[in-house]
Amino acid sequence: MSLRFYYSPLSCSLATHIVLEHTGADYEAHRLNLRENDQNTPDYLAINPKGRVPALVTDRGILTETPALLLYLAQTYPDAKLAPLDDPFALAQMQSINSWFCSTVHVHHAHASRGRRWSDDLEAQQSMKAKVAQNMTDCAELIEREILRGPWVMGEQFTVADPYLFTMTSWMKGDGVDMTRFPRLSDHSKRMLDIPAVKKIAPLHGI
């Protein structure tokens, strides 16, 4: 059985899509249009009741949430060497970074257009939106100074954290971040665009 992958352009599903392509996995990609509410159709809710992307249908069941999908692929395709699988501490460090991308950076970004998830008050939604540029800039500063250890997130080894960072960075300019302040982060994105899997997948996500 080939994997079935559900994604939407400009979403966090970009990271998993890149990794699927990079590993050479046998998969089928299914595009959802979030603006058309595809994520809330009965057919898709039967796959992911959360109504979010990404989702990955495997022969053992369905997986959701980007950090989980990235780790699953790194472990399923160990020859791709996309995680420090033989070093529990380094693997936990990578997972802590991916968890922060998911729990903090992504949430800051979502406040720009999805404030209704947190409040029905229109003024509160606008207040959240007004804070996005500063919050995302603060994240960029931390990544530039502390998280990006070398040419890749974990240093010399390219891992699943790099497509995830590439996804976060792809949102930053639109969120009001002055990327000229972050040369290492900008260089990482340029380096990512040289990877064959990224060249193939990024245009499908509007990049």
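Quick note: the coordinates plus some simple rules give every number you see, no bench work behind them. Model, not experiment: these values are computed from the prediction. With ideal geometry, Cβ positions are generated from the backbone for all residues, glycine too; neighbour counts draw on all protein chains shown.
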(request) Would you please state the base-10 log of I(q)/I(0) at q = 0.18 1/Å for the range 3-81, with intensities from the Debye formula using one equal scatterer on every alpha carbon? (result) -0.67
(request) Compute the relative contact order of the range 88-195 as a whole-number percentage, counting only Cα pairs closer than 8 Å that sit 6 or more residues apart in sequence. (result) 27 percent
(request) For residue 131, put the label point 7 Å out on the Cα→Cβ axis and report which residues of the range 153-177 keep their amide N under 18 Å from it. (result) 175-177
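Determine the relative contact order of the chain: mean sequence separation of Cα pairs under 8 Å and six or more apart, normalised by residue count, in whole percent. Could you put the intermediate results ahead of the total?
Values: 270 pairs, mean separation 50.2, N = 207.
Computed over the chain, the figure is 24 percent.
Test of understanding: express the Cα radius of gyration of the range 88-195 as a ratio to 2.2 N^0.38 Å, with N the residue count.
Values: Rg = 14.6 Å, N = 108, 2.2 N^0.38 = 13.0 Å.
Ratio of Rg to 2.2 N^0.38 Å for the range 88-195: 1.12.
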(message) Which residue, 172, 14, 61, has the largest displacement toward the positive end of the dipole of the chain when charges sit on each Cβ (Lys, Arg +1; Asp, Glu -1)?
(response) 172
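With all distinct Cα pairs included, what does the Kirkwood hydrodynamic radius of the chain come out to in Å, to one decimal, could you say?
Details: mean 1/r = 0.0568 Å⁻¹.
Roughly 17.6 Å, rounded to one decimal.
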